[in-house]
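In what follows, a single structure is set out as structure tokens and then discussed.
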Amino acid sequence: MAHKILIVDDEPNIVISLEFLMKKEGFEVAVANDGEEALAKVASFFPDLMLLDVMMPKKSGFEVCEALRADPANANLQIVMLTAKGRDTEVAKGLAIGADAYMTKPFSTKELVAKIKSMLGVA
Amino acid sequence: MLSGWFILLLSTAYLAVLFAVARFGDARADAGKSIISANVYALSLAVYCTSWTFYGSVGRASSGGLSFLTIYIGPTLMLMMTGIILKMIRISKVHRITSIADFIASRYGKSQLLAGLVTVIAVVGVIPYIALQLKAIAASLDVLLLEGEADFLPWWLDSTFLIAALLAVFTILFGTRHLDATERHEGMVAAVAFESVIKLLAFLAVGLFVTYGMFGGLADVFQRAAASPELERLLHLDASRAGTWTAMILLSGLAIIFLPRQFQIIVVENVDESHLKRAVWLFPLYLLLINIFVLPLALGGLLHFHGQAFNADTFVLTLPLARGAEALALLVFIGGLSAATGMVIVETIALSTMVCNDLVMPWLLRSSGLGASKDVSRLLISIRRAAIAVILLLGYIYFRAAGEAYALVGIGLISFAAVAQFAPAMFGGMYWKQGTRAGAVAGLSGGFVVWIYTLLLPSFAKSGWIGNGFVEDGLFGVSALKAQALLGLSGLDEISHCLWWSLLTNLGLYILVSLNSRPDAVEAGQAERFVDVFRHSAQETDHRTWRGRASIDELVSLLERFLGVARARQQLMLYARGRGAVSWQKLPADADFVHFAEAQLTGAIGSASARVMVSSVAQEEEIGLEEVLDILDEATQVRAYSRELEAKSNELEQATAELRAVNERLRELDKMKDDFISTVTHELRTPLTSIRALSEMLHEDPKLELTDRRRFLGIIVGETERLTRLINQILDMAKLESGRAEWTSTEVDLGDVVRESMAALGQLFRDKNVALTAALPDRCPPVLADRDRLTQVMINLLSNAVKFVPGGSGKVHVSIHANAQRLQVEVADNGPGLTGEECSVIFEKFRQGGNTMTDKPQGTGLGLPISRQIVEYFGGNLWVESVPGEGANFIFTVPLTAPEEPQGDKKHGS
Amino acid sequence: MKQSSPARQRLTSLALLGLPLLTYPILSLPVGMWAGMPADYIYLFGVWAGLIVLAARVAEKKA
């Protein structure tokens, strides 16, 4: 069974590119455009991994991450934070509140795919 | 008529009330809740108004007209010299001074000689005054009992003697109830204030009764007096007695602070320096009130008893009695009794302190009459009690010897002249450092001798007690030595004559001898501390001018002997606690301890005796005069230096605060720059993310379908444009900021600009389904501006509006209004609106509407700052009006061109 | 009250003003009767009351 990936970002063009990339790699993909939608999608879609943008309307990526980690039901969900603000403090903050990995925009598609595959244990 | 026993009973009852008031005051003081308020203090000063005022003023007015007023004008003026009085109070507090004798002695090197001299002058000088009170009470009793049982007492008991004895007992009960002699007498002060109220009420009552009951008011009394040739002269001042008038003001002005009882009340019993503020006007007001009816009463008495035998001193009693108003007469009697007892109590307490500390103690110390007795504090109280009795006995003797010869006023003035002798030593002591002990002794002795010769002895002579040859013909028949016309000085009344000669002698000797003598170290130190009392604080320097060896045990046993064991222990404990020690046994016998011990003793036995006692147990090293002055001078310099330091540190603090504010501002600017860079970074990276991801995919997968390729390339192009726009805006802002922007000013029709901008953004509005409407005039008056820049502003405002309104229901309305000076463009939307704070914040650079943490920034935060810069460049304004929840209205103005053309001006103005 | 406070200075000047007003030669100016009362009586009490009112205003003014 294909792994399920949830893409959360408010920039439509980034969503398009990520969605295309992940589908091409054979993952099952769902999309959310803001934080609240992301939480709803997690509850209905049960993703294995989540690509989570930090700067979003309604709920920031940090808040989404905190909310998910507060619920033990999501213990197996892996979270990769994506941020356009490359400050070290934000990377540290993301990891501290429970993100599994951190990618700075703009990222290399190869690296992103490799990281996701290694995290999901796919060869 | 009134029964003697009834009057005796009434008087006793009244004294019992007084005693209750005093006990209440003492109890409250013991409980730490002093009843001595500013008003009580001011009223207690009215102990100045004795039975001499109560009965004697009317007597004096009956013969001298308004001249009695001088006795009250002098104190009014002296009290306003608050600086002098405050200095006396401060010095006394600092040096624990309890009497005027102690004050003078302490200033001139804690001299036993001076203390004794001042005490002798005070006792001798004031005894006639005490006699006067006895005489007044006796006279008032005589009047009340005139037709009754004047001889209700057994033949061997003289009524005046009985009064004196009663007063002595009463005073002893009042003033020496406490075993510790150092405390203030708050109960006594309360009782005196109470008496002041009683005597004022009584006097006003009789004044109103006579003026309005027996006569038709003030004007009536005066007019009837004016009609009588004898009385007419009393209505007007006698200008030929101008010298006496001024002399009396001087005399009474000195008396108000130098009479032992006044010094006691004003200085020793003062609990709070700020009370002086009330006294400075309330006491003069009291004096004014008690004097208003004096002249009417005198005139009324003279008119009423015309042709009969009368004593003007008792008009206040005889007038009501003449009308059968016995109750009023009794009230007046109680008022007079109040006046007399108040004076006697305070005066004898003050004198007894002086006699005990400054006459008896030195004698006991010298004759070692104290022996080895363990506790001297009881002895001290006994001495004071005995002194009170002796002083009243002396008063009675003077009353017997000389009292009959004088009217009340005359006796009082004799005492005034005696205490006026303290003036040179007191004032000199407070303001002139060069004044010396030798000078003070010489001045006081000289003045005192002159006073005795020109005033006291003649008063004896008048009563026939001694021959009056020296008055009539001069001593040894030398006419230049006539007692009341010394060196032929005549034309003055006896008081002015005495005052003139005695003060001249006193002041002359004081200055001359002071200038020709050298103070010792102790004296010079005290002079410094007295004159500069406001600069030297109590402990700071005192213990530095003492050096030597002492034993704690000896000092403690000294304190226990004079203060009593309990009180001494209590004071020691307080002192030890003040120095942060657990118990006084652990304290070192250093200079500070010696000073503490001496201060405690000073309160009990006076400064001179205290010094003698302390030096008997502590071996003091001799410190030279120069060294003492050096130490004191150094202390002054240290204080000046510390003041300078304080000012400097204040300046520093201020500078630090300024620096901190600047630093704060810098930090804020830095944070704003940081946030801006972070925002710009985000804005740059977002399009780059799409571009890179899509490019990589295109690059790596040549087999991508054509539709995907097209779509991806389209996105890449769009994101590239977005990047370009952002970079352009940043550069634009930088240009505007630095003033290097290029402007091309032409005449512009703003309406066209608005229409073009709306057309350019039309698609954006349609995409989001937002209604864009406009109300524009066909032709706008031209403005001088850069067309492209105005278009930039317009597009910025419109794109902001479309960004914030909700899709579907959103509405944006544009309008232009013109007035004589400017065009006004409004862009109104129905979006979420802005709070008051946001309305100003959004125009700051790098700031954006909404919470940047949760809301994705809708732009770079540069659009509005750029727009505002542009509009302001053309002389207009850009602002926003908004109610949260009801949309925002962005407004900018541009001034019209060529308002200087008169034609155009007229057109717009009409 | 502090050293050389303005209130103290004002009170002292009141005393220095009162002294000439309440002594000769100015005191010889009021003569005859004013409103049925001796001019001297009215003048003395008037000036005196005036001084008291001024002193009260100066002394009781809150610093």
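Taken together, the values in this text are just the output of simple stated rules run on the coordinates, not laboratory data. Only a predicted model underlies this, so the values are computations on that prediction, with no experimental measurement involved. Positions of Cβ are generated from backbone atoms using ideal geometry, with glycine treated the same way; all protein chains shown enter the neighbour counts.
Cut-off 18 Å, label point 7 angstrom out along Cα-to-Cβ of C:VAL53: give me the residues of the range B:270-288 whose amide nitrogen falls inside. Of the residues in the range B:270-288, B:281-288 have backbone N under 18 Å from the label point off C:VAL53. Sorting the segments B:276-289, C:42-55 by their residues' average number of neighbouring beta-carbon atoms within 10 angstrom, most packed first, yields B:276-289, C:42-55. Under 23 Å of direct C-alpha separation, and excluding same-chain neighbours fewer than eight residues apart, A:LYS23 reaches these lysines: A:LYS4, A:LYS41, A:LYS105, A:LYS110, A:LYS115, A:LYS117, B:LYS703. Going from the residue with the fewest nearby Cβ atoms within 10 Å to the one with the most, B:SER44, B:SER92, B:SER445 rank B:SER445, B:SER92, B:SER44. Cα centroids of the range B:315-389 and the range B:668-724: 107 Å apart.
Against chain B, whose longest principal axis comes from its Cα atoms, helix B:552-563 is set at around 60 degrees. Taking 0.36 nm per residue of separation and subtracting the current Cα-Cα distance, fully stretching the chain between B:ARG28 and B:GLU837 would add 285.3 nm. The distance separating the Cα centre of the range B:1-75 from that of the range A:78-107 comes to 92 Å. Shielding of peptide C:41-50 by partners, expressed as the average count of other chain Cβ atoms within 10 Å per residue Cβ, is 4. The modelled label-to-label distance for the pair B:ALA165/B:LEU706, using points 7 Å beyond Cα in the direction of Cβ, is 14.7 nm. Does the range A:4-116 classify as rounded, prolate or oblate by the C-alpha gyration tensor (a ≥ b ≥ c root eigenvalues; a/c under 1.5 gives rounded; else a/b over b/c gives prolate, otherwise oblate)? Taking the square roots of the gyration eigenvalues as a ≥ b ≥ c, the range A:4-116 is rounded.
Packing here is the average count of other Cβ atoms within 10 Å per residue, and on that basis the peptides B:433-441, B:35-43, highest first, run B:433-441, B:35-43. Near the amide H of A:ALA32, within less than 5 Å, lie the amide hydrogens of A:ILE7, A:VAL8, A:ASP9, all on another chain or at least 5 residues away, with H placed in the peptide plane. Measuring against 28 Å, Cα to Cα, the residue pairs A:LYS93/B:LYS803; A:LYS24/A:LYS93; B:LYS87/B:LYS648; A:LYS93/B:LYS673; B:LYS648/C:LYS61; B:LYS110/B:LYS586 contain A:LYS93/B:LYS803; A:LYS24/A:LYS93; B:LYS87/B:LYS648; B:LYS648/C:LYS61; B:LYS110/B:LYS586 as the ones spanning a longer distance. Given in Å, the Rg to one decimal and the Dmax to the nearest whole number for the Cα atoms of the protein assembly as shown are 49.7, 155. Between B:SER382 and B:GLU326, the FRET efficiency estimated from the beta carbon spacing at R0 = 60 angstrom works out to 0.90. Distance between the pseudo-spin-label points of A:GLU36 and B:ASN468 (7 Å out from Cα toward the beta carbon): 11.8 nm. Subtracting the Cα-Cα distance of B:ASN650 and B:VAL717 from 0.36 nm times their residue separation leaves 17.6 nm of extension gain.
Here the spin labels are modelled as points 7 Å beyond Cα on the Cα-Cβ line, and at B:GLU756 and B:ALA566 they lie 10.5 nm apart. Database remark: amide H of B:LEU772 closer than 5 angstrom to the amide H of B:VAL812 (H placed geometrically; neighbours at sequence offset of 5 or more, or on other chains; Pro and chain starts carry no H). Taking each DSSP H run with n ≥ 4 as -39500 (n - 2.57) and averaging over every residue of chain B yields -21500 deg cm²/dmol at 222 nm. The mean number of partner chain beta-carbon atoms within 10 angstrom of a residue's beta-carbon across peptide A:11-20 is 6. Dipole check for the range B:628-738: with +1 at the C-beta of Lys and Arg, -1 at the C-beta of Asp and Glu, and the Cα centre as origin, the magnitude is about 880 Debye. If I take R0 = 56 Å and measure r between the Cβ atoms of B:HIS699 and B:GLN821 in this structure, what FRET efficiency does the formula 1/(1 + (r/R0)^6) give, to the nearest 0.05? Efficiency for this residue pair is about 0.40. Applying 1/(1 + (r/R0)^6) with r as the Cβ-Cβ distance of B:PHE6 and B:ALA242 and R0 = 35 angstrom yields a FRET efficiency of 0.15.
For A:MET50, nonlocal amide neighbours, meaning residues 5 or more places apart or on other chains whose placed amide H falls under 5 Å from its own, are A:LEU6, A:GLN78, A:ILE79, A:VAL80. For the peptides A:99-110, B:724-735, B:498-509, B:116-127, residues were scored by their other Cβ atoms within 10 Å and the scores averaged per peptide; the highest-first order is B:116-127, B:498-509, A:99-110, B:724-735. Rounded to the nearest whole Hz, the Karplus-based 3J(HN,Hα) values (6.51 cos²θ - 1.76 cosθ + 1.60, θ = phi - 60°) of the range B:870-886 follow the sequence 5, 4, 5, 4, 8, x, x, 9, 10, 8, 10, 10, 7, 10, x, x, 10, with x at glycine and proline. Projecting the Cα positions of B:MET733, B:GLY718, B:THR686 onto the charge dipole of the range B:628-738 (unit charges on Cβ atoms of Lys, Arg, Asp and Glu, taken about the Cα centre) puts B:GLY718 furthest along the positive direction. Using Cβ point charges alone (K and R +1, D and E -1), the dipole size of the protein assembly as shown about the Cα centre works out to roughly 1580 debye. Remark: the range A:32-46, residue by residue, has Karplus-estimated 3J(HN,Hα) of 9, 9, 8, x, 5, 4, 4, 4, 5, 5, 4, 5, 9, 9, 6 Hz, where x stands for each Gly or Pro and the curve is 6.51 cos²θ - 1.76 cosθ + 1.60 at θ = phi - 60°.
Rounded to the nearest whole Hz, the Karplus-based 3J(HN,Hα) values (6.51 cos²θ - 1.76 cosθ + 1.60, θ = phi - 60°) of the range B:109-117 follow the sequence x, 6, 8, 5, 4, 5, 4, x, 4, with x at glycine and proline. Averaged over the residues of peptide B:751-764, the number of Cβ atoms from other protein chains lying within 10 Å of each residue's Cβ is 0. Which of the three applies to chain C, rounded, prolate or oblate, going by the alpha-carbon gyration tensor with a ≥ b ≥ c and a/c under 1.5 meaning rounded? Oblate is the answer for chain C, as a/c is 1.5 or above yet b/c matches or exceeds a/b.
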